[in-house]
Structures are given as structure tokens and as C-alpha cells.
Amino acid sequence: MEMPMRAALSLIPVMLLAACGDGPSVDKKNASTAEVAQSVADAGMKLKPGRWEMTMKFDRLEVEGMPAEARQTMQQMMGQSRKFASCLTPEEADKPDGSFFGQQGEDCRYDSFTMGGGRIDAVMTCKGKGEDAGSSARMKLAGTYSADSYDMTMDMDGTAPNGKAMSIRMAMASRHAGACKGDETS
């Protein structure tokens, strides 16, 4: 389950694109994270630097064959929101690279990435390597954004390295919270 969860969390930086506003748009198919980053840069989209605070809540977390004890722990976890803060430097905001848009490399590709007019819709497929070999995930992201906030839902279906099916749905909301404080995660 580690690779799909890492892939899901790697989409968080994509949400920071909320600072782009309603102007330009990007529409990509079968694209790498670097290609999406370049398209965003070419469209003149700029990110808002500073502290971004996000709340994430799992609405669904199902893993085929999960033991009852683990299922109970997961259900307790789902009832709680998780809070994160990240810091986007002015340099990162001005020129995001491929790593900013999720996992880099050939492991993950956007099947589609559409952003503009205050809406974002994306589908990303990832395949595990190394210790995560045999795992895969397909993530769908949909939501709205403005200059200072976003509200997104992510659905992920995939397989764990042991071949067991898994399904996750999480809601994410974030807002720009001013200057970085130094206690944010990368």
C-alpha cells in the first residue's frame, strides 16, 4: 500500500496551483509531470509563494483482504482530518519543475491534465518499482481553485504490491496563509 499512498500524497503540490487564477489554461493528454510543468510555465501561470495550509480527510480506504484489526484502525483514522503546511519559495513559484507536479520519472504519467477557469481535472497512472513492484494506482483529481484556496477530491483505485485491490477517496482543502514560518514540510 506504500507506493499508491505515496503517489496520492505526491499530488498535493499540484493543488498549490490554486494561485494561478482564472486566466490561462492547460490541457494535456498522456503527459509526464515535466511536460505538465512546462505547459503550465508556457501558459504563464504563476504560483503564489508562501505558506499553504491543507486539511486532508479520507472518506474511503478499502484494501482487499485487510484484517479486521487493521480495518478498524483505518476507520478510526478516516474519522480524523490531517493537517499539513507547505512552503512554496518565490523561486519554486516562478518556475516549478516536474517534481512539483507529482512523482517524476516513468513510474507516473498524466493520462489527462486540464486546468483553467477555476477548475482542475486530472488523471494520473503510476506503476510501482523496486519494493513496490507489482503495485499500481490510477488517481482522479477534480475540484475548484481560486487565488487563495482550493477544494479537491481525489479518488484512487489500484493494487498493492501483494496484488490486493485497494480504493481510496480523500477530500483536500487548502488556503494560502501568508508568509512561510519555517515549520512547513517540503
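Readers should treat all values here as calculations from the given coordinates under stated rules, not as data from a laboratory. This structure is a prediction, so every number in the text was calculated from the model and none was measured. A quick note on method: Cβ atoms are made from the backbone with ideal geometry, for glycine too, and the neighbour counts reach across all protein chains shown.
Overview of values
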| item | result |
| --- | --- |
| GluC sites (Glu not before Pro) within the range 28-98: DSSP coil, no more than 12 neighbouring Cβ in 10 Å | GLU64 |
| For the range 37-80 and the range 129-186, distance of Cα centres in Å | 4 Å |
